[in-house]
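Taking it in order: structure first as structure tokens, then the write-up.
All of the numbers you see were taken from the coordinates with simple rules; none came from a lab. Keep in mind that what you see is a predicted model, and the values were worked out from it rather than measured. A quick note on method: Cβ atoms are made from the backbone with ideal geometry, for glycine too, and the neighbour counts reach across all protein chains shown.
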Amino acid sequence: MCALGAQFYALAYSETVARLPSKFVLLAGAEWAKISQRLILEAIDTVTIENLMAAVLLHDYAVRMGNFANAFMLSGLITRMTQALQINLEYNTDLLCQDAETGLSATDKESRRRLMWSCYVMDALVGSGVDQLTLVEERDMKIQLPCNERNFLQQRPCLTETLEPGNWLKFIPGELNTDTILPNMGIMAYFIRHISIRKRVLRYIKHLGDAKVPWDPDSEFAMLDADCRAWYESLPASLQFMPDAIYIRKDSSQLGALCVLHCAHYQTICDLYRLGAPALYKLRAAFDFPPEQQDFLHHLQQVLFDAARTLASIIGETMRHDSRILADSWLPTIAYDSCRIMVYHLTQILDPRIESTRLMMRETVPLLQSNIAALKVMGNVSGIAESLCSAAETMLNRSRIESEAISQNIVPDDPYPAQEGDDPRESLPGTPVQSAPDYVLNPLSIFRMARKSIPERHAPEKTGTSSAPNSALPESNADPDYTREGSIEGGCRRSVSNAPEFGQASLEELQTLFMSDLGWAWQPAETAVGSGIEAAGLLPWAGGYQVTQAEPWLPVFPFAQQD
């Protein structure tokens, strides 16, 4: 708690007394964190609730500092501690604490539930939809969801639903009025339910080769799309990102949680609808959209673009109220991915020669600039925000969207289509003999970032890294250090050094910019790479944007019934 609190104390001092460098603020609690980790590891055989709480906070600190190897190893320790403590089960069946002799108070029981659900979210974000990396299963979560803050602060025991909507624990007496259960759930409960949907979305994206075509009404895509929409529609008015709710949550120090709740939803929409931009996300098992499904493809692309713009609006509106609210460790990668999607759509999906595209550019540039401004302020509490900010600025400058002078050439959705009849497994170098999680995760995921810091690599990673034709690779790939340089700063420096001083960005430069993922090499041909928004973080409970329509943007699925 001291390690995390020191950052915000230093940040407040910097804003009110004397300006401090961002790096100083970021490192303000480093010594506290070292002491905390030493104490935890020295007592690794002492499994207690207090040690688990400390380990969870330490994991969040490691992610903020960009120490992903440490965070990854802590995540395994944390899940083992939850299994040893069995806090995935209710302490007893006296949920309403009617028996004074049963031990724990209502506050203690609720704190344990929140601790276990924090571990569930951490595991889901670390796993990123890869079964091998996921240690906490939904079927083992036999506790009810967290209650709302009012009941928790007032120490009032209450009943809530379980992870599955409309369900509650089976040992609840039948004579109780279950109509009172749903109002007891707060922002934490809805966030957890969304994370369970997100897990399924990410797993689907990584198994496209086994999925039905997305325009099939019975496809996995259609079902996940419906689940996302149903979750959004289930939000009560108090959890909508609207002016009234924003000011209420700000007054109760929950605006950060509200921001992350909605950012998580729209980021998951981006992950689901990335099917419409296989080149941007390097979906190697991408679907081939026939001519009769071009409307559906355009629908996917538009929803993806709209979701990215909405993310920028939510982050910008939150920053307008107080930049310190943007403290969650997930937000930097969300803001960066929002920039990537918007720039890609404007330069490679739309025709820059038509007036409607130019109008869209003028409307979108402020959102891109807002994301960059948010990344700058996040640098005080996030180790990777500054580098992502530099990358986003480079992307915007090289695309020349601000001057509306981007290339007149329309880049196809897949700049490197395979030749007809080619088997990527045979024709493209670098295909691994064995499969490993490295090949289905984005370079910014916590597992991939952790792997970058491990000096001893296993065989599949050494078989080769490039699966793109030689003409598709940046010139700097000729440097033998290129594929070994895993830092985000390294990718940013290369982007800046390769950018021309004057003139428009060429087609090849834009392709390199969009396809390079900050300097990491291409992935093997048989995989579908993730979105880069799987950086892990804790539930942000320590803690709108202006809309012209009646409700915020909501994904729709109008083309599913055409064929």
Cα pair distances of region 1-124 binned at 5 Å [whole percent]: 2, 10, 19, 17, 16, 13, 10, 7, 4, 2, 1
Specify the inter-centroid distance of region 38-56 and region 6-25, based on alpha-carbon positions, in whole Å. 30
The convex hull of the Cα atoms of region 1-62, divided by residue count, gives a volume in Å³ per residue of 67
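Order these peptides, 394-400, 116-122, by their mean beta-carbon neighbour count within 10 angstrom, highest first. Please report the intermediate quantities before stating the final value.
Working: 394-400: 21.0, 116-122: 24.3.
Final packing ranking: 116-122, 394-400.
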Quote to one decimal, in nm, the extra length available between LYS23 and ARG229 on full extension: 0.36 nm per residue of separation minus the C-alpha distance between them. 70.1 nm
Give the long-range amide H neighbours of LEU89: residues separated by 5 or more places, or on another chain, with amide H under 5 Å away, using H modelled in the peptide plane at 1.01 Å from N. none
How many nm is it between the label spots at SER105 and LEU77, if each spot is 7 Å from the Cα in line with the beta carbon? 3.0
How far apart, in nanometres, would the label points at ASP244 and ALA69 be if each is projected 7 angstrom from Cα along the Cα-to-Cβ direction? 5.3
Computed ³J(HN,Hα) along region 210-217: with the Karplus parameters 6.51/-1.76/1.60, θ = phi - 60°, integer Hz and x for glycine or proline, the list is 9, 9, 6, 4, x, 7, 6, x
Can you compute the equivalent ellipsoid semi-axes for region 79-222, i.e. the square root of 5 times each eigenvalue of the Cα gyration tensor, sorted largest first and rounded to whole Å? 32, 18, 12
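Once the piece of chain linking ASN167 and ARG362 is laid out straight, how much longer is it, given 0.36 nm per residue of separation minus the C-alpha distance between them?
Gain in length upon complete extension: 65.5 nm.
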So if we plug the beta-carbon distance of LYS142 and GLN302 into 1/(1 + (r/R0)^6) with R0 = 41 Å, what FRET efficiency do we get, rounded to 0.05? 0.50
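Using alpha carbons only, what's the Rg to Rh ratio of region 197-304 with Rh from Kirkwood?
Working: Rg = 16.3 Å, Rh = 15.3 Å.
Reported Rg/Rh, Kirkwood definition of Rh: 1.06.
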Which semi-axes, in whole Å and largest first, does the equivalent ellipsoid of region 155-239 have when worked out from the alpha carbon gyration tensor as the square roots of 5 times its eigenvalues? 31, 14, 12
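For ASP351 and THR48 in the same chain, what is the full-extension length gain: residue separation times 0.36 nm, less their Cα-Cα distance, in nm? Spell out each step's value before the answer.
Details: separation 303, 0.36 × 303 = 109.08 nm, distance 5.95 nm.
Working it through step by step, the gained length comes to 103.1 nm.
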Would you give the gap between the C-alpha center of region 297-346 and the C-alpha center of region 144-212, rounded to a whole Å? 26
